[in-house]
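> Pasting a structure here, questions to come.
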Amino acid sequence: MAGRRAGMAAYKEAWMKEAGTPIDEWLAATGAAWATAVSNATFVGATAERSVEVAELMVEEAEEAVERLGELLSRRP
């Protein structure tokens, strides 16, 4: 998860540099939650072939991301 936070910080910095304005925080958080859920769902099967333990972590992370996405969408500005 720490790597993901570092990646998000780099993404926001690049956005600011290129766009000249900060990214909307709600939009960034919503996009990150969606991307985590979809990415983990896409690759969990292949991961399970190598490590059931890692696949279980991916499923848990995807479930948390879906919950976060629902919360964010219910509070949409």
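The values are calculated or read from the model by the stated rules, or taken from the named source; none is laboratory data. Source: prediction; values computed, not measured. Please note: Cβ atoms are built from the backbone with ideal geometry, for glycine as well, and neighbour counts cover all protein chains shown. These accessible areas exclude ligands, DNA and RNA; they are computed on the full protein's heavy atoms, side chains included. Shrake-Rupley method; radii C 1.70, N 1.55, O 1.52, S 1.80 Å.
> Would you confirm whether any residue within the range 38-45 is surrounded by 11 or more Cβ atoms within 10 Å (Cβ to Cβ) and in contact (Cβ under 8 Å) with a residue 24 or more places away in the chain?
Yes - at least one qualifying residue is present in the range 38-45.
> Something else: Which one of these is touching a residue at least 12 places away in the same chain (Cβ under 8 Å) and open to solvent by less than 70 Å² (accessible area, probe 1.4 Å): 55, 32?
Answer to the selection: 32.
> Additional query: How about the range 11-34: which of its residues are under 26 Å from residue 63 (Cβ atoms), part of a helix (DSSP H, G or I) and not hydroxyl-bearing (Ser, Thr, Tyr)?
12, 25, 26, 27, 28, 29, 31, 32, 33, 34
> Any idea which of 55, 6 is modelled with pLDDT of 95 or more and part of a helix (DSSP H, G or I)?
Result of the check over 55, 6: 55.
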